[in-house]
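A.B. asks: The following block contains the structure, expressed as structure tokens.
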Amino acid sequence: MKEIVILDPAFRAMANILTDHDLARMRTIAEIVWARDEPMPEAEIDAVRDEVAVIISGSWRHGDVGRFPRLRAIMEVGGGFPSPQALDYDACLARGIRVLSCAPAFGPAVAEMGLGLAIAAARQIAWTDRAFRTHDPNWSHTEFETEIGTPFTLYGKQVGFIGLGGLARVLQPLLAPFGCQIQAHDPWLTDTYLRQQGVTPVDLDTLLATTQVIFVLAVPSASNRALLDAEKLGLIRPDAVLVLLSRAHLVDFDALTELLLAGRFRAAIDIYPQEPLPQDHPIRQAQHAVLTSHRAGAIGEALLNIGRLVADDLEAICQGKVPFAMQVAQPEFIRARG
């Protein structure tokens, strides 16, 4: 007899995250119920809640996990773990309910975009494009200095990772051809582990003060809100580039805006404290910043990776094996999210 699985992906649209092939795989593996774009009504949930083994959810809105006596796994397809306010992780841990996130589906696309943003800022690609369209830019055979400093390549440069999670581990091999030396700061990981990953562990102040290309990759938690405040941002070298990829949560965005408008360093930014960003936000005037509209991961290819990961891990769970594709919620980190 097949396991009963609720497929309730809203806010995600089914067609955006599941190919016909992956949905067919899932139907072969389990008895899939609901499988619509609209949130599953309570009456429909009540009809199967005593038997359901897995809930695939765009955002956890299903209440107390105690309602589901046979539940073995929650697979989120929104992009991040449900908040501790929405989901009782202690209850999940006590009952052996796995909580899995589709975040790895976005890793390759976000890492590629991060590399592109770093190069765009270092080589001043966006600035040169603007200058070319509005006035006569400087030409390489006549001068090398620009209004926003001197361009540089990534080859042989000191790179810093703030956070060495899944995103950093996907980005790291993309930087390998450039021969970059990588420093990393991640308070959740031991120095021994960081060295085993081929990076040099350093404290945050050292990373900010000595690194020419800084990637902000850490997952938000209660302990790292505004981790990069005005004082920390003030440590960044004038010739450096800050690449903000994970969440604006980690940065004092007002301080960052002020420093960029003053020309203290360069930045490449894909995420913001408010989205859409107000039209009058001063960061839009920062010549020292490359700005993109939260486009690093949200592309069709990355979204369809979600369905593949879900189908892979659903097969493992229904066969009583260990899921390997999605990110597993770690109790220590979830509690630190607050």
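A.B. asks: Among (1) assigned to a loop (DSSP other than H, G, I, E, B); (2) more than 18 Å from the chain's Cα centre (by Cα), where does residue 313 come up short?
C.D. replies: Residue 313 satisfies every listed condition except (1).
A.B. asks: Looking at this structure, is residue 150 surrounded by fewer than 16 Cβ atoms within 10 Å (Cβ to Cβ) and in contact (Cβ under 8 Å) with a residue 24 or more places away in the chain? Before the answer, list the steps.
C.D. replies: On the way: surrounded by fewer than 16 Cβ atoms within 10 Å (Cβ to Cβ): yes; in contact (Cβ under 8 Å) with a residue 24 or more places away in the chain: yes.
Yes; evaluated as a whole, the condition is true for this residue.
A.B. asks: Would a scan of region 258-267 turn up a residue that is touching a helix residue (DSSP H, G or I) at 6+ places or on another chain (Cβ under 7 Å), touching a residue at least 60 places away in the same chain (Cβ under 8 Å) and buried (at least 22 other Cβ atoms within 10 Å of the Cβ)?
C.D. replies: yes
A.B. asks: Over 16 Å from the mean Cα position of the chain (by Cα), at pLDDT 95 or above and closer than 18 Å to residue 130 by Cα, is that true of residue 256?
C.D. replies: Values: over 16 Å from the mean Cα position of the chain (by Cα): yes; at pLDDT 95 or above: yes; closer than 18 Å to residue 130 by Cα: no.
No: the conditions fail for residue 256.
A.B. asks: Go through 32, 45, 56, 4 for me and flag whichever is of a type outside the set (Gly, Ala, Ser), modelled with pLDDT of 95 or more and under 25 Å from the mean Cα position of the chain (by Cα). Give the derivation first.
C.D. replies: Working: 32 fails: under 25 Å from the mean Cα position of the chain (by Cα); 45 fails: under 25 Å from the mean Cα position of the chain (by Cα); 4 fails: under 25 Å from the mean Cα position of the chain (by Cα).
That would be 56, the only listed residue that is of a type outside the set (Gly, Ala, Ser), modelled with pLDDT of 95 or more and under 25 Å from the mean Cα position of the chain (by Cα).
A.B. asks: Taking the options 53, 94, 86, name whichever one is assigned to a helix (DSSP H, G or I) and not charged (D, E, K, R). Write out each step before concluding.
C.D. replies: Values: 53 fails: assigned to a helix (DSSP H, G or I); 86 fails: assigned to a helix (DSSP H, G or I).
Of the residues listed, the single one that is assigned to a helix (DSSP H, G or I) and not charged (D, E, K, R) is 94.
A.B. asks: Do the conditions hold for residue 187, that is, is it in the same structural domain as residue 154 (by TED's automatic domain parsing), surrounded by fewer than 16 Cβ atoms within 10 Å (Cβ to Cβ), in a loop (DSSP other than H, G, I, E, B) and at negative phi? Walk me through it before giving the result.
C.D. replies: Working: in the same structural domain as residue 154 (by TED's automatic domain parsing): yes; surrounded by fewer than 16 Cβ atoms within 10 Å (Cβ to Cβ): yes; in a loop (DSSP other than H, G, I, E, B): yes; at negative phi: yes.
Against the criterion (in the same structural domain as residue 154 (by TED's automatic domain parsing), surrounded by fewer than 16 Cβ atoms within 10 Å (Cβ to Cβ), in a loop (DSSP other than H, G, I, E, B) and at negative phi), residue 187 qualifies.
A.B. asks: Only one residue in 66, 160 is surrounded by fewer than 18 Cβ atoms within 10 Å (Cβ to Cβ), at pLDDT 95 or above and not acidic (Asp, Glu), so which one is that?
C.D. replies: Values: 160 fails: surrounded by fewer than 18 Cβ atoms within 10 Å (Cβ to Cβ).
It is 66.
A.B. asks: Okay, moving on. Suppose the filter is farther than 22 Å from residue 162 by Cα and either aliphatic (A, V, I, L, M) or in contact with a strand residue (DSSP E or B) (Cβ under 9 Å, 6 or more places away or on another chain) (or both); does residue 259 pass it?
C.D. replies: Working: farther than 22 Å from residue 162 by Cα: no; either aliphatic (A, V, I, L, M) or in contact with a strand residue (DSSP E or B) (Cβ under 9 Å, 6 or more places away or on another chain) (or both): yes.
Criteria not met by residue 259.
Quick grid of which residues meet (1) of a type in the set (S, T, N, Q); (2) free of Cβ contacts under 8 Å to residues at least 40 places away in the same chain; (3) buried (at least 16 other Cβ atoms within 10 Å of the Cβ); (4) farther than 23 Å from residue 32 by Cβ:
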{"position": "48", "(1), (2), (3), (4)": "no, no, yes, no"}
{"position": "96", "(1), (2), (3), (4)": "no, yes, no, no"}
{"position": "99", "(1), (2), (3), (4)": "no, no, yes, no"}
{"position": "107", "(1), (2), (3), (4)": "no, no, yes, yes"}
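A.B. asks: Kindly indicate whether residue 198 is among the small types (Gly, Ala, Ser), in contact (Cβ under 8 Å) with a residue 24 or more places away in the chain, touching a helix residue (DSSP H, G or I) at 6+ places or on another chain (Cβ under 8 Å) and not in a strand (DSSP E or B).
C.D. replies: Numbers: among the small types (Gly, Ala, Ser): yes; in contact (Cβ under 8 Å) with a residue 24 or more places away in the chain: yes; touching a helix residue (DSSP H, G or I) at 6+ places or on another chain (Cβ under 8 Å): yes; not in a strand (DSSP E or B): yes.
When the stated conditions are applied, residue 198 passes them.
The values are calculated or read from the model by the stated rules, or taken from the named source; none is laboratory data. The shown structure was predicted, so the numbers you read here are calculated from the model rather than taken from an experiment. So basically every Cβ, Gly included, is an ideal-geometry build from the backbone, and we count neighbours across all protein chains shown.
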